[in-house]
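Report on the structure given below.
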Amino acid sequence: MGPLSSPSSAAAESKIKAKQPWRCSPSRPAPSPHPSSSVRTAARTACASPPSPSPPPPSPRSRRRCPATTPPPRGTQTRTRPPLFLRPATHPVPASALAAFRRRAAALVPASAPHLHRHLRWLLADASTTSDSDPALFRAPLDHIESLWLGHVRARRPFQYVVGNEHWRDLVVAVKEGVLIPRPETEAVVDMVKGVEGFGGGWWADLGTGSGAIAVAVARELGDGGKVFATDVSDVAVEIARFNVERYGVQDKVEIRQGSWFEPLQDVKGKLMGVISNPPYIPTEDLPGLQPEVGWHEPKLALDGGRDGLEHLLHLCEGLSSALKSGGFFVFERDLTSNICASIWQTNGNKQSEFLVDLISSKWSSSFRDVKAVLDFADIKRFVTGYHR
Ligand SMILES: C[S@@+](CC[C@H](N)C(=O)[O-])C[C@H]1O[C@@H](n2cnc3c(N)ncnc32)[C@H](O)[C@@H]1O
């Protein structure tokens, strides 16, 4: 996790991630495709992430060809309002009104933030159907779309909250205020856990699941007997995670439990093949310095790591050995924060990982083996991994 890119950060905007084509699983219904998936690349990166020395090649998303999802069974639907692109297109907007809106919206974009023109295109792609009819059919009244646009440009509300989704790995994950927008850096944890021997049939815990992105992505890779317990203390996170789990049809593989860290997992103590967590890790004293998109809009509960940013991480380390079964794997993400002082954070980031590695290897040397810091794509020690003996 890392804070979002600033609208004024052209460098961050240029970091475009290649995305995998939508994967259709014969065994699981695939959700509705995102309307702008052929062009919309993920230009939303953590401000903390310095430009990668060898970023993935920019490539447009492949248009997804999966059929629309089967609705969740009756009685399991969550209260979450679907992301804009999933709402029915029932609002006619005459071409003249749309043209006038485009002019007003474009006039608000400062010269210093040309990427906002791209966001405007994406917003309109999410908000309307693709036909050229006049009137066009929109998924919300035009004045609502305009208020969304104003919120993005003027109040610096993250684009992901404006449209209600984020592209993450091969998923389009619903998000809203109150839940952290999943960051591209975090995608790597899915590949790490997939590499663990016996992964597919194991029981996994995603602690502090937020939107449920990790839990859903891991669940889609699991085989028979595999399961993810996704926990979070936040009401909004639990609600959104449930929505995403249902949308991807992985209710049989993901069990969402509300509560603090290991507390809701007492009944599976010692049975977990792996623990994954991207806990809050920003030192409390650094919160006021976060860029507005993050500090003003993302939940403090998801960001505040207490003193030194290590409060939750240390608590998780304490509970690990009793949660994991013998040979079980863990991966924690910890982070760098503001690009205001990126070089300092890089140093601190590496130091924090090394501190954790040293701590786990020394304090719990009899419990864990192969504890190490793992680099992210920018060669920063972002993850700490290891195995229970
Ligand atoms: C940095 S966010 C990570 C969210 C998600 N896993 C991701 O990577 O996008 C941290 C998450 O931990 C949750 N959290 C904070 N305190 C918690 C606690 N005591 N127990 C469980 N979850 C907690 C927050 O609500 C938030 O969803």
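Every read-out reported here was derived from the displayed coordinates using simple, explicitly stated rules and does not represent laboratory data. Computed from a prediction, not measured in an experiment: that's the story for all the values here. Using ideal geometry, Cβ is built from the backbone for each residue, glycine included, and neighbour counts are taken over all protein chains shown.
For the reader, a short list of remarks on this structure follows.
- Prolate/oblate/rounded label for the range 200-284 (Cα gyration tensor, a/c 1.5): oblate
- Contact order normalised by residue count of the range 84-163, Cα under 8 Å, 6+ apart, percent: 44
- Coil-residue trypsin sites (Lys or Arg not before Pro) of the range 82-180, DSSP, other Cβ within 10 Å capped at 10: 154
- In sequence order, calculated HN-Hα J values of the range 97-111 (Karplus, 6.51, -1.76, 1.60; Hz; x Gly/Pro): 5, 5, 4, 5, 4, 4, 5, 5, 5, 5, 5, 7, 7, x, 4
- Above-threshold pairs, the threshold being 24 Å between Cα atoms, out of 325/363; 253/300; 176/227: 253/300; 176/227
- Total formal charge among the other residues, if their Cβ is under 10 angstrom from that of residue 296, Lys/Arg +1 and Asp/Glu -1: 0
- Put in line by how crowded their Cβ is, counting other Cβ atoms within 10 Å and starting with the fewest, 122, 204 read 122, 204.
- The string of couplings for the range 268-273 from the Karplus curve (6.51, -1.76, 1.60, θ = phi - 60°) is 10, 3, x, 10, 7, 6 Hz, one whole number per residue in order, with x for Gly and Pro.
- Rounded if a/c under 1.5, otherwise prolate or oblate - the range 166-388, Cα gyration tensor axes: oblate
- Compactness relative to 2.2 N^0.38 Å, alpha carbon Rg of the range 84-163: 1.03
- Here 387, 161, 248 are placed in order of increasing Cβ neighbour count within 10 Å, fewest first, which gives 387, 161, 248.
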